[in-house]
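> Quick one: the structure is below, and I'll ask about it shortly.
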């Protein structure tokens, strides 16, 4: 295996040659990536099942098709994204060509997580390729089957001079981060993100951080309880709750909670049967370590388990679980749960519920369930989050036209669709000047006079642009 330094030197040499710049090269690589996913779909599904016991339905929906749709969107649109963006001019620049040019950053690093080990690794890569970069991708060693598969198939479809897979655990990742990159894109935990930022600071490398946080779901006003229960259960327990945008906790009135609990119980049985552990549609916890962490949260909570709570360490199975009567200082509120445990907190007033949310770090996603538009609008306007969705969960991140990313502690920057292209591009300000209007230019040359200053301020103002353009 090539050393990290040799891999990076190979990629940097390729980038400097200009091979990634032409539209046709980028299109070929994106098309090859699309073929890779299609040709190896069965292997991908098998690897995802080995890693997380993901059902085929969830794997297709959240891993394969999201990547395929992202590729189709980029292939159809990146030619337009590459075009110069012309800007408004003043009188002083009337004869100049003024535009923003998108240029690739260089050699970028993409570090993927284990919970959606294909989607969250390949979707950023789509943007990096479309923008004309070379890229090193680092899959998570925790999802080991997908890690192996990605390392095996990527070199068969993409240019090995421009794209490389680096494998390994935390020590290899630390070593990788000691190298100079032109951008680092990291998806994962806030704890590791701090190490990424610290390493990037040595070279002042820009970073994109796709993290997480405790995404709340507020349920207030008139509500279709049955529909709310179905959408909440699906969003929370999809991938066994191991989703960065899963509803982390619910805020509602006591009356809503009492109506919601039997609906949740009924929907869980409808979705997963009377014995959820036997249901093929329920994923497993990714590792023994993550299983232990989740069980410790359940042991430490002062709340009451009213649905679920069963577990099987050998099978890495935790039943879909609902907890009530926990306080804001409970263990379940100390960190992102990232598992199939849903605490419900009762707060009688919507404004108090909003205050509850705003006392904590800004989440990656925020959900509100209500038939009343005034409730939805109030929550949207009085909170801050990476993304916002009313009356459903997770689905907002499936639309390539919407930026996906966090704010504050839930992440820096965004991607998906054109937003991925922009993340991996430098927006270069360009002014193409000729030698005309030199008489006008003399206004800026010494000796300075008040008349020169007056005329120069007029020619460079936006008012002059509006009146004469």
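> Mind listing just one residue for me: the one in segment 173-186 that is in contact with a strand residue (DSSP E or B) (Cβ under 9 Å, 6 or more places away or on another chain) and either at pLDDT below 95 or in a helix (DSSP H, G or I) (or both) and, of those, nearest to residue 244 (Cα to Cα)? Lay out the reasoning, then the answer.
Pass one, segment 173-186, residues in contact with a strand residue (DSSP E or B) (Cβ under 9 Å, 6 or more places away or on another chain): 173, 176-177, 179-186.
Now drop any that are not either at pLDDT below 95 or in a helix (DSSP H, G or I) (or both), which leaves 173, 176.
Numbers: 173: 21, 176: 25 Å.
Residue satisfying both the conditions and the ranking: 173.
> A further question on this structure: Do the conditions hold for residue 108, that is, is it under 22 Å from the mean Cα position of the chain (by Cα), more than 30 Å from residue 455 (Cα to Cα), in the same structural domain as residue 204 (by TED's automatic domain parsing) and in a helix (DSSP H, G or I)?
no
> Evaluate the following for residue 84: is it closer than 29 Å to residue 4 by Cα and out of contact with any helix residue (DSSP H, G or I) (no Cβ under 7 Å at 6 or more places or on another chain)?
no
> Hey, among 443, 437, which residue is surrounded by 17 or more Cβ atoms within 10 Å (Cβ to Cβ), within 26 Å of residue 99 (Cβ to Cβ) and over 25 Å from the mean Cα position of the chain (by Cα)?
Going through 443, 437 in turn, the sole match is 443.
> Any residue at all in segment 117-125 that is free of Cβ contacts under 8 Å to residues at least 24 places away in the same chain, assigned by TED's automatic domain parsing to the domain that holds residue 172 and in contact with a strand residue (DSSP E or B) (Cβ under 8 Å, 6 or more places away or on another chain)?
For segment 117-125, residues free of Cβ contacts under 8 Å to residues at least 24 places away in the same chain, assigned by TED's automatic domain parsing to the domain that holds residue 172 and in contact with a strand residue (DSSP E or B) (Cβ under 8 Å, 6 or more places away or on another chain): absent.
> Assess whether residue 37 counts as being without any contact (Cβ under 8 Å) to a residue 40 or more places away in the chain and either under 27 Å from residue 399 (Cα atoms) or loosely packed, with under 14 Cβ neighbours inside 10 Å (or both).
It is false that residue 37 is without any contact (Cβ under 8 Å) to a residue 40 or more places away in the chain and either under 27 Å from residue 399 (Cα atoms) or loosely packed, with under 14 Cβ neighbours inside 10 Å (or both).
> For segment 373-453, list the helices (runs of 4 or more DSSP H) that sit wholly inside it and hold at least 2 residues that are within 23 Å of residue 231 (Cβ to Cβ) and touching a residue at least 60 places away in the same chain (Cβ under 8 Å); which are they?
Qualifying helices (runs of 4 or more DSSP H): 373-382.
The values are calculated or read from the model by the stated rules, or taken from the named source; none is laboratory data. Note that this is a predicted model, so its numbers are computed, not measured. Note: ideal-geometry Cβ built from the backbone for every residue, glycine included; neighbour counts use all protein chains shown.
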